[in-house]
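Q: Here it is, the structure, as structure tokens.
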Amino acid sequence: MITEPPTLVTERLILRPQQASDYESCVAMWNDEEVVRHIGGATRPAQDVWFNLARSRGMWPLIGYGYWVAVEKGSQRFIGEVGFSDFKRGMNPDLSAAPEAGWAFNRDSWGKGYASEAVGAIHDWLDENRPGPSNCIIDAGNIASRRVAEKSGYAFWCEALYRDSPVNVFRREGAGTT
């Protein structure tokens, strides 16, 4: 099992393990109302951002996958977070049966194709290292994320309830799936 996140390099991005030094950039991103509009709808307290940063990095030794921080290749500027998780959501369907993809990018990086580039790279890694299906949850109004997901092979799978609210679940069969 993979216990440390590998560094992935794309044409314009470096996806690397989270570091404590990413904290301030993460706080800024998760406190932008436009960024969180389709991800729970509420900005996050700084302590919750810290817990998320630690949790995302900590999934690697526990389950063999987790999150990366995305930075621009040349400037090393933080642009977002992308990766896989198992949040043990207790939903029906049970998403814990496969990695759950997620991504969030700061507003300065929107419209540049960075999300599609990063999400494509993590799925290439997943196909090579953990073949099989994956899922993601996308808010019904988040057309941009839906397009990113579709470019990586996701299709609408079902509507489900999460914390008494309807969510759209997308599924990607991935490599090694018949």
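The values are calculated or read from the model by the stated rules, or taken from the named source; none is laboratory data. What you see is a predicted model, and the numbers here were worked out from it, not measured in a lab. Cβ placement follows ideal geometry from the backbone for every residue including glycine, while neighbour counts extend to all protein chains displayed. Side chains are part of the model used for accessible areas, which takes the heavy atoms of the whole protein and leaves out ligands, DNA and RNA. Shrake-Rupley method; radii C 1.70, N 1.55, O 1.52, S 1.80 Å.
Q: Report the per residue volume, in Å³, of the convex hull enclosing the C-alpha atoms of the stretch 47-178.
A: Here the figure is 125 Å³ per residue.
Q: Next up: Of the heavy-atom accessible surface of the chain (probe 1.4 angstrom), what whole percent is carbon and sulfur?
A: On the way: 4440 of 8970 Å².
The nonpolar share, carbon plus sulfur, comes to 50 percent.
Q: While we're looking at this one, here's another question. Taking the mean number of other Cβ atoms within 10 Å as a proxy for protection, how do you rank 110-120, 3-13, 79-89 from highest to lowest? Can you show the working numbers first?
A: On the way: 110-120: 18.4, 3-13: 13.9, 79-89: 20.7.
Answer by packing, highest mean first, reads 79-89, 110-120, 3-13.
Q: Counting alpha carbon pairs within less than 8 Å and at least 6 residues apart, what relative contact order, in whole percent, applies to the chain?
A: 19 percent
Q: A follow-up question, please. Taking the stretch 147-178, which trypsin sites (Lys or Arg not before Pro) meet the DSSP loop condition and have no more than 13 other C-beta atoms within 10 Å?
A: Here the trypsin sites (Lys or Arg not before Pro) that fit, given the DSSP loop and packing criteria, are R163.
Q: Taking a virtual spin label 7 Å from the Cα of E128 along the C-beta vector, which residues in the stretch 37-81 bring their backbone nitrogen under 16 Å of it?
A: Within reach of a label on E128, which here means backbone N under 16 Å from a point 7 Å along Cα→Cβ, the stretch 37-81 contributes 65-66, 68.
Q: Now, a different point. Over the stretch 99-178, with the other protein chains present, what is the accessible area per residue in square angstrom, probe 1.4 angstrom?
A: 52 Å²
Q: Once you have the Kirkwood Rh of the stretch 1-122 from its Cα pairs, apply Stokes-Einstein at 10 °C and 1.306 mPa s and quote D in µm²/s.
A: 108 µm²/s
Q: Test of understanding: extend the Cα→C-beta vector of N31 to 7 Å, then name every residue of the stretch 47-79 with backbone N under 14 Å from that spot.
A: So the set is 47-50.
Q: Oh, and also: Using a 1.4 Å probe, what is the accessible area per residue for the stretch 24-77, in Å²?
A: On a per-residue basis, the stretch 24-77 sits at 51 Å².
Q: Also, I was wondering about something else. Could you pull out the trypsin sites (Lys or Arg not before Pro) across the stretch 38-83 that fall in loop regions by DSSP (anything but H, G, I, E, B) with no more than 14 other Cβ atoms inside 10 Å?
A: K73, R77
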